[in-house]
Amino acid sequence: MTSPSWEMTVEHLMSGEGTGSNVASLCFFSCSEEEQLMKTTEFLHVEEWQYYRSLHFERRIRSYLAGRYAAKKAIALYTNEDDLRRILIARGIFNQPLVVHSQNAQVSITHSGHLAAAVAFSEKFLMGIDIEQICESNREVLQDQATARELSLIQSLAYSADSMLTLVWTAKEALSKVLKTGLSTPFAIFELKQINLKDDVFVSYYENFYQYETTSFMLDSFVCSITYPKGMRLNMKAIKKGLNIPIQI
């Protein structure tokens, strides 16, 4: 069964001292496979078309298109670009997304199941985003990747183990995207030292990277985590309004 199509954007995603009027924009995108293919290919840059034609596996094709569409929508909102084809998202040496556009911008992209999301942001305020679906079958793997401290934090919170293990994973994955390391670095270095429930969402802090914090929330059967510089404020009010559902785990 395919999932209903929808998309949601937030223009003024972050606020804080010295941030200016708009330092980040967000896009969530959910679309059935057939519609996704039809809707996203027309927005590809000519160089992205070349890479797209080299893809052979259906799952990778869907992931690439959904992620590129969400990223281009977020970047267009951030830069006031009205033609998505003028935005090129190239790949860096570590396969990190690189925005090629007349205006400076960076982007972080994530994709899981039928959901894709991206955050476009200023080079001054580095950010990362990750979405993962909550699956009982992932429990053992996520437990093996969690530290003893993180397992203790999970046990102290009155929420399902699968939800919290997924939250811990996404919070670490989002930070790894900020640092441009991805899965190439042992996840223990991104250890969480604290998880606080605040205004119906979770805010996590890191043992080794005190400069950052992460807000995590649930969207249907998914957990989304957004990492940003500590002291900035994520516009959860706009996210809740745009998604039009209660956001809590």
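The values are calculated or read from the model by the stated rules, or taken from the named source; none is laboratory data. Here the structure is a predicted model, which is why all the values come from computation and not from measurement. All Cβ positions, even for glycine, are placed from backbone atoms using ideal geometry, and neighbour counts span all protein chains on display. SASA here: full protein model, heavy atoms, side chains in, ligands and nucleic acids out. Shrake-Rupley method; radii C 1.70, N 1.55, O 1.52, S 1.80 Å.
Solvent exposure of His12, expressed as accessible area, is near 90 Å², computed with a probe of 1.4 Å over the protein chains only. Of the residues Cys135, Ala76, Val100, the one whose Cα sits farthest toward the positive end of the charge dipole of the chain, with +1 on the Cβ of Lys and Arg and -1 on the Cβ of Asp and Glu, is Val100. Would you compute the Debye intensity of the chain from its alpha-carbon atoms alone, equal scatterers and no solvent, and pass along log10 I(q)/I(0) at q = 0.13, 0.16 Å⁻¹ to two decimals? Results for the chain at q = 0.13, 0.16 Å⁻¹ read -0.78, -1.21.
With each label modelled as a point 7 angstrom along the Cα→C-beta vector, the Asn104-Asp144 pair spans 4.3 nm.
Rounded to the nearest 0.05, the FRET efficiency derived from the C-beta distance between Asp200 and Glu123 at R0 = 30 Å is 0.45. Residues considered: Gln194, Gln106, Gln50. Largest GNM mean-square fluctuation over the chain, using C-alpha springs under 10 Å, is found at Gln50. Relative contact order for the chain: what is it in percent, counting Cα pairs under 8 Å that are at least 6 residues apart? Result for the chain is 18 percent. Distance check, please: which entries in Lys124/Lys177; Lys177/Lys241; Lys198/Lys240 exceed 21 angstrom between their Cα atoms? Result: Lys177/Lys241 exceed 21 Å.
Between Leu88 and Leu55, the FRET efficiency from the beta-carbon distance, with R0 = 22 Å, is close to 0.80. Mean residue ellipticity, 222 nm, helices only, the chain: the sum of -39500 (n - 2.57) across DSSP H runs of n ≥ 4, divided by residue count and rounded to 500, is -10000 deg cm²/dmol.
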